[in-house]
1. Could you please find all residues in the stretch 79-101 being among the basic types (Lys, Arg) and within 23 Å of ALA68 (Cα to Cα)?
2. Hey, among the residues in the stretch 68-86 that are buried (at least 19 other Cβ atoms within 10 Å of the Cβ) and assigned to a loop (DSSP other than H, G, I, E, B), which one's modelled with the highest pLDDT?
3. Within the stretch 91-107, identify whether any single residue is over 18 Å from LEU123 (Cβ atoms), in contact (Cβ under 8 Å) with a residue 12 or more places away in the chain and surrounded by 14 or more Cβ atoms within 10 Å (Cβ to Cβ), and answer yes or no.
4. Check off (1) at pLDDT below 85; (2) over 30 Å from ILE6 (Cα atoms); (3) out of contact with any helix residue (DSSP H, G or I) (no Cβ under 7 Å at 6 or more places or on another chain) for PHE99 and give me the number that stays unchecked.
5. Mind listing whichever residues of the stretch 41-56 are farther than 24 Å from TRP25 by Cβ, surrounded by 12 or more Cβ atoms within 10 Å (Cβ to Cβ) and modelled with pLDDT of 85 or more?
6. Determine if the stretch 98-105 includes at least one residue that is over 27 Å from SER12 (Cα atoms), over 11 Å from the mean Cα position of the chain (by Cα) and outside any loop (DSSP other than H, G, I, E, B).
7. For residues in the stretch 87-96 being under 15 Å from ARG55 (Cα atoms) and among the hydrophobic types (A, V, I, L, M, F, W, C), which is modelled with the highest pLDDT?
Amino acid sequence: MDMLFIWLGILSAVTFVLSLLLLPWFVSRIPVDYFTRPRDPHAWHIMLQPHTIVRNLLGLPVLLAGVAMLVLPGQGILTILIGLGIMNFPGKFALERWFIERKGVLTAINWIRQKTKHPPLQL
């Protein structure tokens, strides 16, 4: 049992460092018009495409690690967002839109984009 906590601590520390290093890269890769372009809200067919299945299988452990980090040391919310960013599922855009509209989130993201010399996101 002690070994489990040691490995969870190591995973948490590695994810924390990676999330801090990769955050500016992830934020700068978001297209400026990401939140203004039209979406198909009933696109369930995308779930059956092989690349979507692979993305979801890769994103799920990251998402679960983020949930674990809510009670363990580490960047839980940030890791959850990275996991969701990797994944692709119906309703993802609405979840992202809800999150980006929270007080201060858009300001922080646009601040990071400004530091990486990218234009601010449009809502």
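The values are calculated or read from the model by the stated rules, or taken from the named source; none is laboratory data. Here the structure is a predicted model, which means the values were calculated and not measured. Counting neighbours? That spans all protein chains shown, and the Cβs are built from the backbone with ideal geometry, glycine included.
1. Within the stretch 79-101, LYS92 is the sole residue that qualifies.
2. Step by step, filter the stretch 68-86, then rank; the result is MET69.
3. The answer is no, given that none of the residues of the stretch 91-107 is over 18 Å from LEU123 (Cβ atoms), in contact (Cβ under 8 Å) with a residue 12 or more places away in the chain and surrounded by 14 or more Cβ atoms within 10 Å (Cβ to Cβ).
4. (3)
5. ILE53
6. no
7. Only one residue fits best here, namely MET87.
Table: residues versus (1) crowded, with 16+ Cβ neighbours inside 10 Å; (2) in contact with a helix residue (DSSP H, G or I) (Cβ under 9 Å, 6 or more places away or on another chain); (3) assigned to a helix (DSSP H, G or I).
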site	(1), (2), (3)
MET3	no, no, yes
VAL14	no, no, yes
LEU18	no, yes, yes
LEU58	no, yes, yes
GLY66	yes, yes, yes
